[in-house]
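Read-outs: derived from the displayed coordinates by stated rules, not from any lab. All of these numbers come straight from a predicted model, not from anything done at the bench. Here the Cβ positions follow ideal geometry from the backbone for every residue, glycine too, while neighbour counts run over all protein chains shown.
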Amino acid sequence: MAVKKDLVVLTADKDAHLGIAALMNRQGDLGVRPIAFECVAHPKHDSGVLVSAHHFLRPFLRYFDYSLVVFDLEGCGQEDLGREGVERRIKENLAVKSTAGSIGARSLQLSLSWNAGFGMSRCA
């Protein structure tokens, strides 16, 4: 049986991927406990993350305890929903649409908009 890692980070592009990985690799400097993580970039960028993060993350369920979803509001195709609406959609998708396990029950989601700030929550 494989040992679980703490966190898988789904990003919308390589820039976010590299930024998150650089940040996560400085855990000691940030004063946080060591976190075993892996970053993956979605091939369909911001809109792909919004629409299919729950499908994309499904195979990672058995290998990771948490997931973090990162994408830009600008470019996701649903800017009219606003940050709160897009965050709600991601949470609903992660909580309800997983048939291989409950992603939402053990996921962290972050919807990031450089223009509108950011929000993070933990689903129960």
Below 15 angstrom from the Cβ of residue 86, what's the summed charge of the other residues (Lys, Arg +1; Asp, Glu -1)? -4
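Would you tally the net charge around residue 22, using a Cβ to Cβ cut-off of less than 15 Å, leaving residue 22 out, and scoring K and R as +1, D and E as -1?
Working: positive: 14, 26; negative: 13, 15, 29, 38.
Neighbour charge sum, excluding residue 22 itself: -2.
Check each of the chymotrypsin sites (Phe, Trp or Tyr not before Pro) in the stretch 39-100 and keep only those in coil by DSSP with at most 14 other C-beta atoms within 10 angstrom; list them in order. Write out the running numbers ahead of the final one.
Values: sites: 56, 60, 63, 64, 66, 71; in loops: 63, 71.
Hits after loop and neighbour filter: 63.
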By a straight-distance test (C-alpha under 12 Å), which aspartates and glutamates pair with residue 44 as possible cross-link partners, with residues fewer than eight away in the same chain excluded? 13
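For 32, 86, 40, which order do you get if you count the other beta carbons within 10 Å of each Cβ and list the fewest first? Please list the in-between numbers first.
Details: 32 10, 86 24, 40 14.
Taking fewest neighbouring Cβ atoms as first place, the list is 32, 40, 86.
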Please report 67, 52 as a ranked list, fewest other C-beta atoms within 10 angstrom at the top and most at the bottom. 52, 67
